[in-house]
Amino acid sequence: MTTSKDKRIKKFKRKRIWPSIFGMLFMVFISMMLIIIVFAFSVTDIVQRKVVNAEILSAEVAGLFEGYGTDEETANAIRERAAVYIEALDDVEDVYVTDKQGNCVWSCYENRPDTDKMAEFEFDTGYYSVQHNIIIEEDELGIIEVDDRGAHLAEDFYDKINFEELGKRAEESGDIPMYTSVMDFSLWYVLDVDGYSVYVLNSLPVYLSDLVGVVSMAVVLAMLIAVFALYYIVSFVGVVRSEHRTSRIIYTDMITGGNNWFYFIKKGTPILKKNRGKKKYAMIHMRMYKYRSFCTCFGVRKGEELLEKFYHVLRRKMRKKELVAYHENAEFGLLLAYTTREELVQRIEALELAVEQSIPNIKLYFGYGICEIEPKEHDIEQLYNNAFTACELLEEDAERKIAFFDEEMNKQRLWERKVEDDMENALANKEFKVYLQPKISAAEEKLAGAEALVRWIHPKDGFIPPNKFIPIFEKNGFILKLDDYMLEEVAKQQAEWISQGQEIVPISVNVSRAHFTREDLAEHICEIVDKYNVPHDVIELELTESAFFDDKKVLLNTVKKLRESGFPVSMDDFGAGYSSLNSLKELTIDVLKIDADFFRNVEEVERGMLIVSEVIDLAKKLNMKIVAEGIESRDQVDFLVQQECDLIQGYFFAKPMPVDEFVQKYKHS
């Protein structure tokens, strides 16, 4: 998978998840902050109101001591009245009175304030205003700034609430009264009255009833948070389920209904990375041959059902941390663990048997390319490409259907890539050269024709033989351009010899079977040759017998047009493959080329000679010229002369040679 494709798939899968996650987290954060802020302001307000109430009460208590220094009788009356009044007040714990020198003149319960902690404080009730001091007990809440009006007390309020004590009370009584104190703190208020300092110790308890509003508000906000959280959780779950469905769509093959190639790559890579040489793994390219024929016979739908059945059979045979996926064109990729090559081959054979048993009445044909994976290799696509390369080297009719990828195959692949990279420039730079192999008259043993063969003279690699590049060109289609190039070069050479007054012999040029897919081939060939005003009868067009098994109608029509245009047409390599007499019946040609393999490499030489003799006799009766190619011995020549063969081509007389050498040897002899 390309990096761009991988990024697009990942982006598609995650594009809706993160907004939901961030939205939920942001909403929870904002809601929690809102609760904290509301709670803090509410508690601050509670504490401030209690501080203000304590200030008012302290002023009332201090007012009792007006005229305290008038005389002893008045002072006693004030003390008695103050004691009764203070005892009736729940929130006043003590009153401490000092003279101007700081000496205690009276104390209700003998609590002594720490005067070093005094701070001035001005307070306004709305009715009257007094200026006095307060003393905060440090062991309760610490020193605070006076003008904060209780704000700092509120900051420590929550930490001072004794929840543990409340819990114990609830267990003992089964309930907690609303006027249960959850926190107590004390403040000394100091007021000057008639030259005396009156210290009033106030108790400021906070009850559960004071917190009802705060708790109610917190509950409401908590419920809102819960609603929003539930919404986002449901939304998040929906997104996760949607992503799961999306992943299933992305990683599901539309033909087999199983895991597709994206899934194979996604899961295979981590399996190999985490393995680290603990197990041996092999990448398998499994190909079904003749799948198109199956679809032609039974229909495309049946073909897809067949692939689906194959997949599920293979999937059931996979072990833990093994993978299978449909690739394309009746091909499957398998990632298998194994111990030895023999065990791996047996496993593959067992898989093939299981697949064949799923379709008992149809003969199936498979080929396998195997790439054994080294410990540090985990590029799934490259490994599969190696297995594919190994399978490509198998022939459909090969007896052994399993091939292991090796370094030579890699070299071959690199060579094919190099050939494909260089072929266009080679054609433009005329690196392809025409070599001519003479055709000798069997009766007179003199030049009677030639065959044009291509040779590649590479500027760096030098001479490249045809078998190193022709099969590659036939596979990638470049052979069409090369055939046109060779035809034009031969026509140009014939034109040059005609202009020089040289004796002309027919030169045959190969026409690949790939050309016969176009219906205007005859017109195309005429157009190339006619550019040089060369008679058509001096250029012979060779086609292989295998072309007869493609589009027969197009072939017959093209050959007819070429012969009508004056081009001699020959059938090359007759006898090298599965020759058909039916092709001779339907295809009218001028020359039949018999391959030397027709009577060579057989167990009985006489038997081979007899067959060749009969073929020559048949061709004569059909008014065809006979060319025997690949002749390498005098015995073969003598036999062919005896059978009245027309032309002989082979190393016995001459190898293919450059045009200059051909001219020197045959044009000036």
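Observations on the structure shown:
- Within segment 285-322, tally of residues that are crowded, with 21+ Cβ neighbours inside 10 Å, in contact with a helix residue (DSSP H, G or I) (Cβ under 6 Å, 6 or more places away or on another chain) and either in a strand (DSSP E or B) or of a type in the set (Lys, Arg) (or both): 2
- Scanning segment 395-408 for residues that are at pLDDT 75 or above and part of a loop (DSSP other than H, G, I, E, B), we see that the one that is farthest from Glu374 (Cα to Cα) is Lys401.
- Counting residues in segment 555-564 that are at pLDDT 90 or above, assigned to a loop (DSSP other than H, G, I, E, B), within 22 Å of Ala448 (Cα to Cα) and in the same structural domain as Arg455 (by TED's automatic domain parsing) gives zero.
- Residue within segment 432-443 that is at pLDDT below 90, assigned by TED's automatic domain parsing to the domain that holds Tyr651 and of a type outside the set (S, T, N, Q) present: yes
- Test result for Lys273, under 24 Å from Arg341 (Cα atoms), assigned by TED's automatic domain parsing to the domain that holds Ile359 and not hydrophobic (A, V, I, L, M, F, W, C): yes
- So Ala428, is it closer than 27 Å to Lys266 by Cβ and without any contact (Cβ under 8 Å) to a residue 60 or more places away in the chain: no
- The residues of segment 323-345 that are assigned to a helix (DSSP H, G or I) and loosely packed, with under 14 Cβ neighbours inside 10 Å, listed by number, are Glu342, Glu343.
- Yes/no for Ala282 being among the hydrophobic types (A, V, I, L, M, F, W, C), in a strand (DSSP E or B) and touching a residue at least 60 places away in the same chain (Cβ under 8 Å): yes
- The set of residues from segment 21-72 being among the small types (Gly, Ala, Ser) and over 30 Å from Thr98 (Cβ atoms) comprises Gly23, Ser31, Ala40, Ser42.
- Within segment 495-518, the residues that satisfy the criterion of being part of a helix (DSSP H, G or I) and over 57 Å from the mean Cα position of the chain (by Cα) are Ala495, Glu496, Trp497, Ile498, Ser499, Gln500.
- Flag for Ser58 being surrounded by 15 or more Cβ atoms within 10 Å (Cβ to Cβ), small (Gly, Ala, Ser), in contact with a helix residue (DSSP H, G or I) (Cβ under 9 Å, 6 or more places away or on another chain) and in the same structural domain as Gly195 (by TED's automatic domain parsing): no
- The listed residues are Lys433, Lys401, and the only one of them that is touching a residue at least 60 places away in the same chain (Cβ under 8 Å) and touching a Phe, Trp or Tyr at 6+ places or on another chain (Cβ under 9 Å) turns out to be Lys433.
- Lone qualifier among Ile255, Ile249 - being among the aliphatic types (A, V, I, L, M), under 23 Å from the mean Cα position of the chain (by Cα), surrounded by fewer than 19 Cβ atoms within 10 Å (Cβ to Cβ) and part of a helix (DSSP H, G or I): Ile249
- Qualifying residue in segment 458-480 (condition: assigned by TED's automatic domain parsing to the domain that holds Arg634, among the basic types (Lys, Arg) and in a helix (DSSP H, G or I)): yes
- The single condition among (1) surrounded by fewer than 16 Cβ atoms within 10 Å (Cβ to Cβ); (2) modelled with pLDDT of 85 or more; (3) not charged (D, E, K, R) that Ile380 does not meet is (1).
The values are calculated or read from the model by the stated rules, or taken from the named source; none is laboratory data. Here the structure is a predicted model, which means the values were calculated and not measured. In this analysis, Cβ positions are derived from the backbone assuming ideal geometry, glycine residues included, and neighbour counts consider all displayed protein chains.
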